[in-house]
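**Student:** Pasting a structure here, questions to come.
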Amino acid sequence: MIPLMHDFEGETVLVVGGGPVGARKARSFATEASVVVLSPEFADRAFGGAERVRAAPTPEEARDWVERIDPALVVAATDDPDLNDAFSTAAKDHGALVNRADDHGDQSFGNVVVPATVRDDPVTLAIATGGRAPALSKHLREQFEDEFGNAGLMAAVVGDLREDLRERGVPPAERRDAVRFVVRSREVWKALDSGRSKGEQVARDVIGELPGDQT
């Protein structure tokens, strides 16, 4: 599978299943999309502000539910394979994406995999193991969080630095070298623990005087 980022702003995601997996999926998508969770009962967990519809749909009713809600993505997260099959088929016929929470690594069931995600705007890291090793996905996510906890701040600092160097007429090759040096500098990463302004100061210190800095 080829990883892509998808914009769900203004879209609806239908999650079928109100158990722990459905709740987790709802929280994930509710950060951007309108989420509707369809289930006869709901786990005692947070659903991220998603709309919860208490109903017990049958496989024969899947198509009606999908057409009524008009989702961009259907997450089939029940413990009933027949019901998951019905909603997956209805979603594909409707032109919606499908995520099967019960695929156990069998990606032929759906066309979307929801990876383990680390988000520190504007940086997003997604990790997937094809459904084979969720524990590894979690471990790698935790490792990234520990090692690069200020990735969002680093992206902001580097973005401003690139723009500043461009405005001062620094040649592209030298701009690239400067940015690479900054993102690999442990001094800058450590300085970001004290905030963006400190990180910016140390970033400029470590690259030293560049062409275009002369006054």
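Derivation of every value follows stated rules applied to the coordinates shown; laboratory data play no part. If you're wondering where the values come from, they're calculated on a predicted model, not measured in any experiment. Cβ coordinates were reconstructed from backbone atoms using ideal geometry, including for glycine residues, and neighbour counts include every protein chain displayed.
**Student:** For the chain, which span is the longest to avoid every loop-located (per DSSP) member of trypsin sites (Lys or Arg not before Pro) having at most 11 other Cβ atoms inside 10 Å?
**Tutor:** 1-131
**Student:** If the cut-off is a Cα-Cα distance under 29 Å, which lysines reach K198, setting aside same-chain residues fewer than 8 apart in sequence?
**Tutor:** K190
**Student:** Can you pull the Kirkwood radius for segment 151-209, inverse mean 1/r over Cα pairs, to one decimal in Å? Present the calculation step by step, with values, prior to reporting the outcome.
**Tutor:** Numbers: mean 1/r = 0.0894 Å⁻¹.
It works out to 11.2 Å.
**Student:** Next question. Please compute the net charge surrounding A72, taking Lys and Arg as +1 and Asp and Glu as -1 over other residues with Cβ under 13 Å from its Cβ.
**Tutor:** -4
**Student:** Counting residues in the chain as N, plug N into 2.2 N^0.38 Å and put the Cα Rg over that result.
**Tutor:** Normalised Rg, Cα atoms only: 1.33.
**Student:** Once you mark the GluC sites (Glu not before Pro) that are in a DSSP loop and have at most 13 other Cβ atoms within 10 Å, what is the longest gap between them in the chain?
**Tutor:** My reading of the result: 42-208 is the longest stretch.
**Student:** For the chain, what is the mean residue ellipticity at 222 nm derived from helices alone (per DSSP H run of n ≥ 4: -39500 (n - 2.57); sum divided by total residues; nearest 500 deg cm²/dmol)?
**Tutor:** One gets -13500 deg cm²/dmol as the mean residue ellipticity at 222 nm.
**Student:** Please name whichever of A43, L4, L73 sits farthest to the positive end of the charge dipole of segment 1-114, dipole taken about the Cα centre and charges placed at Cβ: Lys and Arg +1, Asp and Glu -1.
**Tutor:** Going by the Cα projections, it comes out as A43.
**Student:** Over the Cα atoms of segment 1-114, what radius of gyration and what Dmax do you get, in Å?
**Tutor:** Radius of gyration, then largest Cα-Cα span, for segment 1-114: 12.6, 35 Å.
**Student:** Can you tell me the equivalent ellipsoid semi-axes for segment 74-176? Use √(5λ) from the Cα gyration tensor, largest first, whole Å.
**Tutor:** On the way: eigenvalues 324, 63, 21 Å².
Semi-axes from the Cα gyration tensor: 40, 18, 10 Å.
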